[in-house]
Amino acid sequence: MFKGRLGPDPHLNGRATVALKGCPDILAMDDGNFAVIGIDITEKAIGKLPPTVGCGPDERVVMIPRRTLVLAKGDIPSQL
């Protein structure tokens with residue numbers, strides 16, 4: 001199901017994260033898609049999404065720190 005992590009381990013060199021467990025993380029999946037582990041902010045975000053953005057009943061709005069995405073940038077493919 002998962003090929004591996006994009007970016008460095010969030011706990012590299014003893015770094016503490018908000019949840020102090022395994023998140024946040026961005027994972028590459030075997031089928032070419034990506035999975036994100038972060039903080040579920042769906043309830044707070046639902047009424048504030050831009051007009052053309054929707055969140056279906058089977059979806060969640062997940063927050064990951066800017067640092068996580070920036071550090072994963074080099075591992076994110078540039079081609080579809």
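Taken together, the values in this text are just the output of simple stated rules run on the coordinates, not laboratory data. Predicted model, so just to flag it, every value in this text is computed and none were measured. All Cβ positions, glycine included, derive from the backbone under ideal geometry; neighbour counts span all protein chains shown.
Take the Kirkwood radius over Cα pairs of segment 21-80, plug it into Stokes-Einstein at 10 °C and 1.306 mPa s, and you get 120 µm²/s for translational diffusion.
Pairs of lysine in the chain with Cα under 25 Å and at least 8 positions apart or on different chains: total?
On the way: K3/K21; K3/K73; K21/K44; K21/K73.
Step by step, the pairs that qualify in the chain add up to 4.
Once you charge only the Cβ atoms, +1 for Lys and Arg and -1 for Asp and Glu, what is the size of the charge dipole of the chain about its Cα centre, to the nearest 20 debye? Kindly include the intermediate steps, with their values, before the conclusion.
Working: 10 positive and 9 negative charges, 84 e Å.
Computed charge dipole of the chain: roughly 400 debye.
If packing is taken as the average count of other Cβ atoms within 10 Å, what order do 69-75, 49-55, 34-40 fall into, highest mean first? Write out the running numbers ahead of the final one.
Numbers: 69-75: 13.4, 49-55: 8.1, 34-40: 15.0.
So the order, starting with the most tightly packed, is 34-40, 69-75, 49-55.
Subtracting the Cα-Cα distance of D40 and L69 from 0.36 nm times their residue separation leaves 8.8 nm of extension gain.
Dipole of segment 2-75 computed with +1 at Lys/Arg Cβ and -1 at Asp/Glu Cβ about the Cα centre; of G56, L71, G4, farthest Cα towards the positive end is L71.
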